[in-house]
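What follows is a short report on a single structure.
What follows is calculated from the coordinates using simple rules that are stated; it is not laboratory data. Since the structure is predicted, the reported quantities are computational estimates derived from the model, not experimental observations. Cβ coordinates were reconstructed from backbone atoms using ideal geometry, including for glycine residues, and neighbour counts include every protein chain displayed.
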Amino acid sequence: MQVNEIRNKIEKSIQKSMKSEKLTFTIKSGAYGHSAGDAVENLIKNILKNDGWDVYFTEEFIEKIFNKIGNDKNKINSFLDKMWWSDLPIYSKNQLNNYLKGKHIGGYQQAGADIVLFYGDDLRDEYEKIILINAKSHNIDRNSRAPNIISAQRLLEFCNKLLSSENKLKYAEYWFVGVNHTSIGKNTAEIKSIIIKDLFKINTNKITQINFDAAIQIQTHIKDMEEINQTKEEFIRKLSNLFIETWYKHSNQKTKKYEKLVNDINSHFNV
């Protein structure tokens with residue numbers, strides 16, 4: 001099954017589920033930031049799993065891969081070098097070291113994705129056939145600024161590595177899945193919509209902001225992402241051009257700001 005067919009099937013299934021029942025999820029009391037997002041990640045994974053898809057949290061997928069290769073650091077590193085998804089990456093050196101020591105690998109908070117959907121026939125032979133999913137939530141009760149969705153610098157570094165291998169670029173698949181919800185109780189939320197967007201189809205002209213003051217994060221609501229017909233290469237080129245144009249504008253503004261500050265300070269001295 002082609003990736004676009006998979007997406008169409010998932011979107012139709014989600015629409016059907018939302019028409020037939022009220023979808024809700026619970027956020028643990030006091031949870032915030034990444035911890036609050038855990039509830040949404042669990043929700044998306046369960047929806048996909050219940051629909052028959054082979055899905056994992058990233059740490060589950062990585063541990064499964066390590067187990068199939070075996071406790072051999074050289075073999076694992078050699079294998080990972082060939083995989084497009086290892087360039088993001090979705091695993092850490094600490095997880096690998098834990099595995100080699102026979103420990104539980106644990107999670108990786110900085111993983112480049114939250115969920116892995118495997119769409120091949122046999123994980124032993126088709127490791128490259130996965131879709132990385134970045135899960136995001138938005139409480140529509142609140143008028144909030146566009147959230148951080150991914151580091152632009154990290155994304156471009158990933159894309160640069162993809163371009164070095166025709167095979168890696170061919171298989172690279174990355175989705176944003178946005179869950180828009182409203183509060184119906186202290187810790188309970190009702191889902192109003194679930195939106196899927198393909199990273200490589202995003203119209204870079206409609207990206208709200210690249211915030212160089214906040215870890216160089218791309219900021220936009222998933223619902224506001226516009227998809228257009230373009231190749232992966234075209235998306236990467238457009239994003240890189242947007243990045244450098246935005247950087248020049250940002251750095252020029254900061255240079256003027258700091259020059260004025262320094263000049264104001266120096267004006268207090270008899271120089």
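Since only Ala189, Gly70, Ala39 are under comparison, the one whose Cα sits farthest along the positive direction of the charge dipole of the chain, derived from C-beta charges on Lys, Arg, Asp and Glu, is Ala189. Springs between Cα atoms under 10 Å define the GNM used for the chain, and in it the highest mean-square fluctuation of Ile133, Ile184, Ile65 occurs at Ile184.
The angle between the Cα long axis of helix 73-82 and the main principal axis of the chain comes to about 70°, on a 0 to 90 degree scale.
The aspartates and glutamates within cross-link reach of Lys16, meaning a Cα-to-Cα straight distance under 18 Å and a gap of 8 or more places when in the same chain, are Glu5, Asp51, Glu190. Calculated mean residue ellipticity at 222 nm for the chain: -14000 deg cm²/dmol, from DSSP H runs with n ≥ 4 weighted as -39500 (n - 2.57), summed, divided by the residue count and rounded to 500. Checking the cross-link filter: which lysines have an alpha carbon closer than 25 Å to that of Lys22, excluding same-chain neighbours under 8 positions apart? Lys22 reaches Lys9, Lys12, Lys45, Lys49, Lys136, Lys186, Lys192, Lys197, Lys223.
Provide Rg over Rh for segment 1-124; use the alpha carbon set for both Rg and the Kirkwood Rh (inverse mean inverse pair distance). The partial results should precede the final answer.
Numbers: Rg = 16.6 Å, Rh = 16.4 Å.
Rg divided by Rh gives 1.01.
In the Gaussian network model of the chain, springs joining C-alpha atoms below 10 Å, which of Lys223, Lys49, Lys256 carries the largest mean-square fluctuation? Comparing Lys223, Lys49, Lys256 in the GNM, the peak value goes to Lys256.
In the chain, the longest principal axis of the Cα atoms and the axis of helix 152-163 are about 60 degrees apart. For Lys201, the aspartates and glutamates whose Cα falls under 12 Å of its own Cα, not counting residues fewer than eight places away in the same chain, are Glu173, Glu226, Glu227, Glu233, Glu234.
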